[in-house]
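One structure is given here, and the rest of the page talks about it.
The values are calculated or read from the model by the stated rules, or taken from the named source; none is laboratory data. Just so you know, these numbers come straight off a predicted model, no measurement behind them. Because the Cβ atoms are built from the backbone with ideal geometry, glycine has one as well, and the counts that use them run over all protein chains shown.
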Amino acid sequence: MVKRIAIFGSTGSIGRQTLEVIAAHPDKFSAEVLTAYTNEKLLIEQALAFNPDIVVIADDKKYEAVKEALSNTHIKVFAGENALNEVALMDCYDLMIAAIVGYAGFKPTLNAIETGKVVALANKETLVVAGDIVMRKAYEKKVPVIPVDSEHSAIFQCLVGEGRNKIEKIVLTASGGPFLGKKPNFLVNVKRDHALQHPNWSMGAKITIDSATLMNKGLEMIEAKWLFSLHPEQIQVMIHPQSIIHSMVQFEDGSIKAQMGLPDMKLPIQYALSFPQRIPSNFPRYDFKKPSTLTFEEPDMRTFRNLSLAIDALYKGGNMPCVLNAANEIAVFAFLRNRIGFLDITAMVEKTMEKISFIENPSLNEYLDSDAEARNYAASLIQL
Ligand code: NDP
């Protein structure tokens, strides 16, 4: 049986690598839905190469260009943000790879779960925004949510075969990003292009900046809480600059399982697509014969305060992670446009968390309102 894959965010870093995996296994997977935001050129190229059932261009100004380019094919073309939500509800696919960046990925992912589709989740923001609602819905609909994030895929892989064995804690590893060891007097002058140079991973712009500020690890802690039903105190972060151990689980007998490999997102992507099977790959292998040292150290949370803000949000719960995420998206957007400095990202997130009212048990609408309020407030701080 060929698994029919919908790639929401096919033109991004995860989306493109998913297409590489699909291309390597045409007997196992087909790409049936491809979506982009504004990159119509790449979307058209991908559509012509993979011949999906549907493409969606979220920016409706690009509709005519896509429609025209695909007019000699049977591919259906839709446009607009609402089309993403509607296509997510359709029956033309079996598994969604949720690879849109940021809050924009939330509703399509929730819709996929609503209709009982397996979700391979790269878009961590979905769980940061409203993890309780998403995971409750997945439980009700009996939908597997398979992590794509390398750390969560590592934990997920370590848990296979462990049944109900209790987790004592998990250790999320972090490369530390390009500014590992740096102090605020250095960070204050950091510019966009420098922050975009990640030492180990090649990723989209937003997550690369989040990795440089360590916000990414904070978002991942919140993501892990929901994916694996953990208490905040069971989640530890360790800096592991080599990015060979992708994360670890410690069980209640003290035994630790780790998942290792070279840093290559195609591996967790392929695992999420093929789960519960493993299928062959030609990805480069880790070579134990080459000299290398694996090191671990505690994160410097006095310098990288985004991580401690995310931990505050994790412990506080309610709408706080949603507020943190919204403020961070606005701040990173502004930093990428050279509107604010690197350390201003933290200041904006902190001020927004102080400003927005806390709601302990938000409804879906209260999450959506908290997101909008936090975005507006964060944007007002810099007159975006
Ligand atoms: P990219 O920025 O490379 O790609 C984002 C994708 O989302 C693109 O297809 C983009 O379309 C689309 N998109 C952006 N904004 C919107 C919007 N408003 N509406 C609809 N579509 C939109 O991101 P990544 O691939 O790096 O990351 C995707 C997700 O996966 C993120 O949540 C990230 O945290 C997570 N992730 C990524 C990893 C990586 O290695 N890249 C690792 C682990 C997790 P267009 O190209 O047209 O702009």
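Some notes on this structure:
- Condition met for Val249 (among the aliphatic types (A, V, I, L, M) and within 17 Å of Leu159 (Cβ to Cβ)): yes
- Test: residue in segment 17-26 that is away from the ligand (no atom under 13 Å from the Cβ) and touching an Asp or Glu at 6+ places or on another chain (Cβ under 9 Å): no
- Selection of segment 258-313 for residues being loosely packed, with under 14 Cβ neighbours inside 10 Å and either of a type in the set (Ser, Thr, Tyr) or closer than 18 Å to Val349 by Cβ (or both) yields Tyr286, Ser292, Thr293, Thr295, Arg302.
- With respect to the stated conditions, Val118 fails to be more than 24 Å from Ser274 (Cβ to Cβ) and in contact (Cβ under 8 Å) with a residue 24 or more places away in the chain.
- Considering each residue of segment 284-292 in turn, at least one proves to be among the polar types (S, T, N, Q) and either in contact with a Cys (Cβ under 9 Å, 6 or more places away or on another chain) or over 29 Å from Pro232 (Cα atoms) (or both).
- Among the residues of segment 49-67, those identified as in a helix (DSSP H, G or I) and closer than 17 Å to Gln17 by Cα are Ala49, Phe50.
- Condition check for Ala65: at negative phi and buried (at least 17 other Cβ atoms within 10 Å of the Cβ): no
- Taking the conditions (1) of a type outside the set (A, V, I, L, M); (2) out of contact with any Asp or Glu (no Cβ under 6 Å at 6 or more places or on another chain); (3) outside any loop (DSSP other than H, G, I, E, B) in turn, Gly116 satisfies each one other than (3).
- Of the residues making up segment 237-253, one or more are touching a Cys at 6+ places or on another chain (Cβ under 8 Å) and among the β-branched types (Val, Ile, Thr).
- Test result for Gly204, within 12 Å of the ligand (Cβ to nearest atom) and among the small types (Gly, Ala, Ser): yes
- Selection from segment 168-182 of residues that are within 13 Å of the ligand (Cβ to nearest atom) and either part of a helix (DSSP H, G or I) or of a type in the set (A, V, I, L, M) (or both): Leu172, Ala174
- Residues in segment 27-63 that are within 14 Å of Ala88 (Cα to Cα), within 11 Å of the ligand (Cβ to nearest atom) and touching a Phe, Trp or Tyr at 6+ places or on another chain (Cβ under 8 Å): Leu34, Thr35, Val56, Ile57, Ala58.
- The residue of segment 1-38 that is surrounded by the most Cβ atoms within 10 Å (Cβ to Cβ), among those that are assigned to a strand (DSSP E or B) and among the β-branched types (Val, Ile, Thr), is Ile7.
- Within segment 97-135, considering residues that are in contact with a Lys or Arg (Cβ under 6 Å, 6 or more places away or on another chain) and more than 14 Å from the ligand (Cβ to nearest atom), the one farthest from Asn85 (Cα to Cα): Gly116
- Only one entry of Thr126, Thr173, Thr208 meets the criterion of being closer than 29 Å to Asn319 by Cα and more than 12 Å from the chain's Cα centre (by Cα), and that entry is Thr173.
- Residues in segment 15-46 that are within 19 Å of Ile279 (Cα to Cα) and among the β-branched types (Val, Ile, Thr): Thr18, Val21, Ile22.
- Pick from segment 140-176, criterion of a type in the set (Asp, Glu) and farther than 12 Å from Leu121 by Cβ, ranking: surrounded by the most Cβ atoms within 10 Å (Cβ to Cβ): Glu151
- Of the helices (runs of 4 or more DSSP H) lying entirely inside segment 183-224, those containing at least 3 residues that are at pLDDT 95 or above and in contact with a helix residue (DSSP H, G or I) (Cβ under 7 Å, 6 or more places away or on another chain) span 205-213.
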